[in-house]
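So the structure is just underneath, and the comments pick up after that.
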Amino acid sequence: MSGERLGRREFLKNAGLAGIAVGAAGITGAGFQVRSAKAAEKRSVPKTPIRLAAISFLTGAAAAPFGIPADNAYKLCAEKINSEGGILGRKIDLQSFDEAGGGDSQVKLARKLILEDKVDAVLGYISSGNCKAVLPLSDELGGLIIAYDCGTHELLEEEKSPFKFPKYELGFRSSAHLGIDNIGLALFIEEHFKGVKKIAGINPDYAWGRESWLIFEKAIKQLIPGVEVVNTLWPKLFTTDYTAHISALIGSGAEIIHSALWGGDAVTFSKQAIGMGLFNKAKMAYSRGEPYPQEVGMEFPEGQIICCAGTHYFLYPEHDKWPLNKWFVESYHKKYGKYPTYPCYHAYQAIYTYKAAVEKAGSLLGGWPTQEEIAKAASGLSIETPSGILTIGADHNGREDVLVGISKKVSGHAFPILDPEMMAIYPAHQVNAPAGIRTEDWIAGWKA
Amino acid sequence: MGNWLVYILNGLYFASFLFLTSLGLSIILGVMGILNLAHGSLFALGAFVSAWLIGTLTGLPPGIAFLVALLAAMLVAGLMGILIETSIIRPMYTRALEYQLLITFGTLLVIEDLIKMIWGGTAYYASKPFTIMGNMHFLTNQYPVYFLFVIAVSFLAGIAIWLIMGKTRVGIMLRAISMDRDMARAMGIRIGRLNTLAFGMGAALAGLAGALIVPTTPALLGIGMEPLIIAFIVVVLGGLGSLKGALIGSLIVGEIRSFGIVLFPEVELPLLFTIAVLILVVKPEGLFGSK
Amino acid sequence: MEATNIIKRPKSYIYPAVFILLIVLPKVLPTYQLLLIQSGITFAIMCLGFNLLLRYTGLLSFGHGALFAAGAYSVAMMGKYLPSLYRVEILIPAAICVSILVSALFGFICVRHTRIFFSILALALSMVLYALLVKLYNFTGGSDGIRVPIPWMFGIAPTGVRRMAFLTGNYHYFLVCIFALATLVMSAIVNSPFGRALQSIRDNEVRAEMIGIRVRRYRWYAFIVSGIFTGIGGAMWSFVNGHVTPESAEWVFSGEIVYMTLLGGFTVFEGPIVGAVLFTYLKLYAVSLTQYWMLIIGATLIVIVRLLPDGITGAILKLFAAMKRERNKGAS
């Protein structure tokens, strides 16, 4: 527990300072000049707790691998913040809600939270569909919404490059989009499997799967020009029988198969594929495969390419070099008996982005900031997280490095981990499009 | 060559679940004239009971544990079916169709939440039987033995039902009811008890299907929704209430899906529904239905 | 049997009173409550259409969600592909045309059957539409659906207008007027010779055929009229919700349509309206009250079917009738 002894408050204060220094560019916006004029007025900090709504899947297929771990992490972080005095002295009153029920129910819930319950911020959404349905409500209803885990790159991009940003004044995503996973996978394949000739894809049939494949296909064709796509399959979400898909993949002769299947689907597919011998013939490349080895256990095959939705891995950054990860992993494991998976790290990012933005705006204004002021402060912010540095771009989208590795059975672990010898980190600028440029257009402009 | 055999097996495997599910649905529909929307939830109940038992009975040899899980799933689903029939559906036989449909819809919602209450909202993994049975090889292909096991169980269940319906007194009475309810009553058949029996039998079959699926995929909330809808399609296709129809319908749907995904991956699901509708336009009573 | 109305001559005072109440709502209700009511009203338009089939034609459709989705997607797709025509005064007629097409096709197949066969066919057809909406990702947005922007309305541009301002402003009055119109038109339909012909078919098909009513043709017309109302409901709802997804074509939503109608009471003309609004609240409060909301909804449904077969309005009518008898007894 040396992480505790280091003094987390100190650590965070430094992180906060670093954040303000790095994010200075963001504050110079016109909005802040107006605000600082107003700051002369006496501002007070309300005595009531901050009401944050955390929305993740608490039931259904996405609950066990994503929703419940993320919700646990929200609670862990809120307790930590409260035990250290809250945000500008206000304690966090965190309420968890279930993301299940589809886009329409989530629109209804968000409306209720913002209009009726008047929460300070909504931190939520694992599903890309829900993000797309709910994030526009931020400006419509005048409430701060931070999307924390969903991957769709369309969320904050517009139809044509260059586009005007931010898309929503009050809508954010405190993590990078699926571009980093799929570009990362393509870079990794180029680095280690340069000779690949035939690739295929099996992706769930909705925005998440379609866009993951789109980006991966564009990137890999740029990096390995001669590569041929031999099959693309689009099974429905929660398919229970992949036999026909697996046969089609075996028949296609693909060497590497890209997949954004997640949760139970990824596990079901993997197991049926093991049985039908797919892994004797091809390698899988899972765009956000980080949680499944832990979920499946020792049956999870070795040698599969796995991306971590950023650098979110319980063994990276190394604990002795980055005490924040040590603290996060150890306190999470102590409390919940498992290692944090990437959605946990995303939850940390969401709640601490909110905290850092409020503190930045608050220190400039000398009191509790409005929703708009918090949004202004969040834009351009950089914070330290257990996985490294997170930057919120001027387009209100997060930017992160990305970690790609290969599953390997290592003694001392109850499930395959990423082979420490073969981990690759691609820095944020190499996998994120600049603000205002669509990811596809950015990839198309890469020089071979 | 080997590939084509695998495609056919894949179709048979998918058809096995469909057959078990639609057989139950069809018996209930034929004997009682009730379309049981809660049928998918009985499938889910079987899945959860079995997944939970496979995970709990780690002390027993895996083969025995799996057998216990299968039987327990059938028993629980069957008892739940009997409970539903006697407490909720029985007073509805004389009521209009919309009430019957709605009450099974209400039952579906209640069972889904009961499952959530008992097992929580998360996924249950129980892949042990699948892993332990291993794989077999033929030509250049590899195929899990468990899939063949499912096909065999479903085949045996079909034969058992065929024997019950065709050779036993109870079965003959059930068929009499499904042909002409009033006539059967006039002949002195005690319809009440037989209804309960038919419902319990149909429910147990759904439970068995659910129990068989969990070694290959985790038990999740809502796992019964898709089997319910596809079983509808099968029942409509095969002819309402016809057992032969359930068999042929399942085979058609299973093989269309299997070959559809390989040959036309973009249109698997709509293809299925469209073919069902086309058949109905041409032959409205279904393949083996009677007007 | 004639259509039963809540009270003897409701149109003379209850209807205007409700209309005025709805018109002043934005002034008195908080935005959030108003949105709920609006959602309820769009469902009410849909249920009016649904009940034409159930109550007056004797056909239970378990696939009406598809017709609702037809209306909602017409709006969303025009927003996506024909932005220049994205005006309410064009969108609503367009939604009506699409609803006519879809319901004419569905109806043509379904009305060859009655009873449970009709219900299952309607369900199967709605699932075809559902599967297409999910599968044709590049065209329909797949299971994520499509966002519905704010439309032009009678020459007023949507630029710079926030959705809440739009919904609580002009759109609300437009919605209330459409709702009033739909109620009056439906009331006229069920009391027209056409409506009476439908009821005679429902009561006795053979006799209706003998007095010269073309049974199947009339059922088909009824299906189309029902589809138009349902489609209008879907189109009006899409603006309120701001987003359409294939969920509305899925059979579970079709089940909810039946639920709403029976909750309100399908034997009373106004029953479906009451049911639609009540259901919106019931579901929302069940969801926010407990994670076991399906249990609440399901159990309520079972209780209603068992104890209140005529729904809420039916029960209230019975209560009124009983009180009246009581009073008469006391007087005599």
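From the helices alone, meaning DSSP H stretches of at least four residues, give me the mean residue ellipticity at 222 nm for chain B, per-run term -39500 (n - 2.57), in deg cm²/dmol to the nearest 500.
So the calculated ellipticity at 222 nm is -25000 deg cm²/dmol.
Determine, for each peptide in C:265-274, C:246-255, C:24-33, the mean count of other beta carbons within 10 angstrom over its residues, then list the peptides with the highest first.
Going by the mean number of other Cβ atoms within 10 Å, highest first, we get C:265-274, C:246-255, C:24-33.
Report, in debye and to the nearest 20, how large the dipole of chain A comes out about its Cα centre when Lys and Arg carry +1 and Asp and Glu carry -1 on their Cβ.
For this selection, approximately 820 debye.
For A:Lys75, which lysines qualify as cross-link partners when the Cα separation must be under 20 Å and same-chain residues fewer than eight apart are set aside?
A:Lys91, A:Lys326, A:Lys334, A:Lys335, A:Lys338, A:Lys355
Take every DSSP beta bridge whose two residues both sit in the protein assembly as shown, then give the antiparallel share in percent to the nearest 5.
40
Give me the accessible area buried between chains C and A, both sides summed, with a 1.4 Å probe, in Å² rounded to the nearest 100.
Approximately 2200 Å² gets buried when C meets A.
Could you work out the local net charge near A:Ser56, counting Lys and Arg as +1, Asp and Glu as -1, over the other residues with Cβ closer than 12 Å to its Cβ?
-3
Any residues in region C:294-309 that have 50 Å² or more less accessible area with all protein chains than in their chain alone, probe 1.4 Å, and which are they?
Residues shielded by partner chains are C:Met294, C:Leu295, C:Leu301, C:Ile302, C:Val305, C:Arg306.
Cross-link candidates for C:Lys135: which aspartates and glutamates have Cα within less than 14 Å, leaving aside residues fewer than 8 places away along the same chain?
A:Asp205, B:Glu266, B:Glu268, C:Asp144, C:Glu247, C:Glu250
Would you work out what percent of the accessible area of region B:2-282, with all protein chains in place, is carbon or sulfur (probe 1.4 Å)?
74
Tell me the angle of helix A:243-252 to the major Cα principal axis of chain A, expressed in degrees between 0 and 90 and rounded to the nearest ten.
70
Once every DSSP H run of n ≥ 4 in chain A is given -39500 (n - 2.57) and the sum is divided by its residues, what mean residue ellipticity at 222 nm do you get, rounded to the nearest 500 deg cm²/dmol?
Helix contribution divided over all residues of chain A: -12500 deg cm²/dmol.
Please give the charge dipole size of chain B, origin at the Cα centre, charges +1 on K and R Cβ atoms and -1 on D and E Cβ atoms. Round to the nearest 20 debye.
Around 840 debye, computed over chain B.
Counting just the Cα atoms, what span does region B:2-282 cover along each of its three principal axes? Round to the nearest Å and put the largest first.
On the principal axes, region B:2-282 reaches 61, 49, 35 Å in Cα extent.
Calculate what fraction, in whole %, of the accessible area of chain C sits on carbon and sulfur atoms when a 1.4 Å probe is rolled over the protein chains.
70
Going Cα to Cα from A:Lys321, which lysines come in below 20 Å? Please leave out same-chain ones fewer than 8 positions away.
A:Lys13
Enter the accessible area per residue of region B:2-282 (Å², integer; probe 1.4 Å; all protein chains in place).
36
Answer with one residue from B:Gly210, A:Pro369, C:Cys47: the one whose Cα lies farthest towards the positive end of the charge dipole of the protein assembly as shown, charges on Cβ with Lys, Arg +1 and Asp, Glu -1.
C:Cys47
Suppose every Lys and Arg Cβ carries +1 and every Asp and Glu Cβ carries -1, with no other charges. What dipole size does region C:21-331 come out with about its Cα centre, to the nearest 20 debye?
Around 540 debye, computed over region C:21-331.
Identify, among C:Thr168, C:Asn204, C:Gly242, the residue whose Cα sits farthest towards the positive end of the charge dipole of region C:140-272, taking +1 on the Cβ of Lys and Arg and -1 on the Cβ of Asp and Glu, with the dipole about the Cα centre.
Value: C:Asn204.
Report the local net charge at B:Arg193: Lys and Arg +1, Asp and Glu -1, summed over other residues whose C-beta lies under 14 Å from its C-beta.
Around B:Arg193, the charge tally is +3.
No other cysteine beta carbon under 4.7 Å away is the test; run it over chain A and list who passes.
Within chain A, the cysteines lacking a partner Cβ under 4.7 Å are A:Cys77, A:Cys307, A:Cys308, A:Cys344.
Give me the accessible area buried between chains B and C, both sides summed, with a 1.4 Å probe, in Å² rounded to the nearest 100.
Chains B and C together bury roughly 3900 Å² of accessible area.
As I understand it, the dipole of chain C uses +1 on the Cβ of Lys and Arg and -1 on the Cβ of Asp and Glu, about the Cα centre. Which of C:Ala122, C:Leu289, C:Val305 lies farthest toward its positive end?
Toward the positive end, the furthest listed residue is C:Val305.
Mind giving me the FRET efficiency for A:Lys160 and B:Val68? R0 is 41 Å, r the Cβ-Cβ distance, nearest 0.05 is fine.
0.10
Could you work out what % of the accessible surface of region A:107-248 is carbon and sulfur, using a 1.4 angstrom probe and leaving DNA, RNA and ligands out of the count?
That fraction is 51 percent.
Between chains A and B, what is the buried accessible area in Å², counting both sides, with a 1.4 Å probe and ligands, DNA and RNA left out, to the nearest 100?
That pair of chains buries around 2700 Å² in total.
Taking N as the number of residues in chain C, what is its alpha-carbon radius of gyration divided by 2.2 N^0.38 Å?
1.00
Could you report chain C's accessible area per residue, 1.4 Å probe, as an integer in Å²?
40
Keeping all protein chains in place, calculate the accessible area per residue for region A:56-126 (probe 1.4 angstrom), answer in Å².
28
The values are calculated or read from the model by the stated rules, or taken from the named source; none is laboratory data. Since we're looking at a predicted model, the values are computed, not measured. Cβ: placed from backbone, ideal geometry, glycine included. Neighbour counts: every protein chain shown. To get the accessible areas, we keep the full protein, side chains included, count just its heavy atoms, and leave off ligands, DNA and RNA. Shrake-Rupley method; radii C 1.70, N 1.55, O 1.52, S 1.80 Å.
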